[in-house]
Every structure is written in C-alpha cells, then in structure tokens.
Amino acid sequence: MLLEGKVALVTGAGQGVGQGIALALAAEGAKVAVTGRTLEKLEASCEMIRQRGGVALPVQCEVKSLESLTACVEAVISEFQGLQILVNNAQEVPLGTLHEVTDEAFTAGFESGPLATMRMMKLCYPHLKGDGCIINLASAAAKRWDMSGYGAYAATKEGIRSLTRAAACEWGDEGIRTNVIMPHATSPGLKWWVENRPEEAAEFIASIPQKRIGDCEQDIGRFVALLCSEGSAYVNGQTIALDGGQALLG
C-alpha cells in the first residue's frame, strides 16, 4: 500500500473529484479527513471508505472562512495526530462571459479558490514539514483555444497555479512537495454541463485524444495517490493535465 501510515485531508470530498481522490488515497492505506460543506455527503463518502476497510473522518468546513479552515485542520490533527497530504479541491466556479459574471460570483470564486488554497497551505505547513505533499486543483480551461465564457473561472485557477509554484520553491527544502493537477472527470459539475450544453460538450469530448472523460477515482484519484507516494518523491512544482491528452501545456 503506497500510503500506509499517512494522513490526508481532502476538501470538497463529499462528491465528485474530491470523493474519488479520498477513496483512492484510502485504498492505498491513508487515513482520510473528508471535508466539505454538507455533512450528509461527507458521511456518505466516509461510509464508502469504511466499507472498503479504510479509516475516514468527516469534517464540516466552509473554505471561504478562515475560522472554519482553522477549526478543520485542528480537528484533523487532534484525531489523527499528524498530516502528510493536503488536497485542495473545493471551489465555487464563476462561469459565464465577462458581462455575465457578477462581482459577487467572481469574489466567491477567488475566496474559495486561490485564497482558500493559500490559507490551507499555510495552516497545514507546520504539520507537512519533513514528509508533506500538497496537491492543488486547477483547470485546463486556462489553456482553451477559445476563452469565451471561461475567463473568470480560469483566472481563479491560474492564481492557484502561481501559489503552487511559489510553495514548491519556498518549501521544497523543508520536505514539502507541491503540485497541480488539471483533471477532466465525471463530476456532478461536468455532468450538469454536458446536460445543459450538449453541443459544446460533444465538441469538447471529441477533442480529447482518448475520446472520454476521466473517472473520478480510477483516473484522477489513483494518479493523485501515486503523486503522493515515494515513487514521485522528485516531482515538485509541476502542473499535470489529467485529461486524456487534450491540453498542450507549455
């Protein structure tokens, strides 16, 4: 088991990509703190982990609140006496054209994205030193050939990428690795998009060389587990697209 003896904290793990990552980390032996806003969803994710023989802790948390983030980290340390893996997944998404996205939506995207990511990294930093791994989620939306309708969303995600690179450079010699993944996965948000924008979604999927959207656990979660393992000990400060070959990162 790649992560036996490790403790992981995954935000937004009540469903979708976060849930898939939590399941995959637990399958490799990590104890997982499953965090998010809706307790019922967190408990459902934890029950899935326990049914497979894993250890999980549901922690209700609002990522836009520093007080809530602080309490979340404290609860995890109190329960598991340590922390080696942080996955910043939760974020509100400000989608729409520049005229459509309101100040309130963009602010929420920033507060739940770059600001929450920076806060969580700083809160977890003392516990991650020596043997820590941070995985932040960004999006290949910033690499789209046509940015119409995705500018505000991509802007918040690119902020996360910059913070990730800074952490990788500033904390690398303290035993903390920090990387970004850009996943395409069958999350509730993507399913909503496919149902509500079927023509755009069909064109999007056709542009993926593997012609499919990734599975939250098997394609995204299992790679995250590998990235957190000793086999990836020299991977730091990188952005990795988990998208079937669609994005060309330069």
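The values are calculated or read from the model by the stated rules, or taken from the named source; none is laboratory data. These figures come from a predicted structure and were not determined experimentally. Virtual Cβ from ideal backbone geometry, glycine too; neighbours counted across all protein chains shown.
Some values worked out for this structure:
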| read-out | value |
| --- | --- |
| Helices (runs of 4 or more DSSP H) wholly inside the stretch 175-250 containing at least 3 residues that are among the aliphatic types (A, V, I, L, M) | 198-206, 222-227 |
| Pair list, Cβ under 8 Å, 6 or more apart: the stretch 194-216 residue under 19 Å from residue 183 (Cβ atoms), other residue assigned to a loop (DSSP other than H, G, I, E, B) and of a type in the set (Val, Ile, Thr) | 205/213; 213/186; 214/186; 215/186; 216/186 |
| Given (1) in contact with a strand residue (DSSP E or B) (Cβ under 7 Å, 6 or more places away or on another chain); (2) surrounded by fewer than 17 Cβ atoms within 10 Å (Cβ to Cβ), number of the condition residue 70 does not satisfy | (1) |
| Candidates 237, 245, filtered to the one that is at positive phi and touching a strand residue (DSSP E or B) at 6+ places or on another chain (Cβ under 9 Å) | 237 |
| Odd one out for residue 143 among (1) surrounded by fewer than 17 Cβ atoms within 10 Å (Cβ to Cβ); (2) over 20 Å from residue 33 (Cα atoms); (3) among the basic types (Lys, Arg) | (1) |
| Any pair with Cβ under 6 angstrom, 6 or more apart, that starts in the stretch 158-178 at a residue that is in contact (Cβ under 8 Å) with a residue 40 or more places away in the chain and crowded, with 19+ Cβ neighbours inside 10 Å and ends at one that is among the acidic types (Asp, Glu) and in a helix (DSSP H, G or I) | none |
| Residue within the stretch 191-213 that is under 28 Å from residue 28 (Cβ atoms), surrounded by 13 or more Cβ atoms within 10 Å (Cβ to Cβ), touching a strand residue (DSSP E or B) at 6+ places or on another chain (Cβ under 7 Å) and modelled with pLDDT of 90 or more present | yes |
| Qualifying positions in the stretch 152-178 - under 14 Å from residue 86 (Cα atoms) and of a type in the set (Ser, Thr, Tyr) | 164, 178 |
| Pick from the stretch 122-140, criterion surrounded by fewer than 22 Cβ atoms within 10 Å (Cβ to Cβ) and in a helix (DSSP H, G or I), ranking: modelled with the lowest pLDDT | 140 |
| Counted residues, the stretch 141-174 - those being part of a loop (DSSP other than H, G, I, E, B) and closer than 18 Å to residue 114 by Cα | 1 |
| Cβ-Cβ under 8 Å pairs, at least 6 apart or on other chains, the stretch 122-145 side among the aromatic types (Phe, Trp, Tyr), far side in a helix (DSSP H, G or I) | 125/171 |
| Elements of type helices (runs of 4 or more DSSP H) contained in the stretch 5-102, each with 3 or more residues being among the small types (Gly, Ala, Ser) | 16-27, 66-80 |
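Results for (1) under 22 Å from residue 190 (Cα atoms); (2) under 18 Å from the mean Cα position of the chain (by Cα); (3) loosely packed, with under 15 Cβ neighbours inside 10 Å, shown as yes or no for each residue.
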site: 12; (1), (2), (3): yes, yes, no
site: 26; (1), (2), (3): no, yes, no
site: 41; (1), (2), (3): yes, yes, no
site: 46; (1), (2), (3): no, yes, no
site: 53; (1), (2), (3): no, no, yes
site: 64; (1), (2), (3): no, yes, no
site: 74; (1), (2), (3): no, no, yes
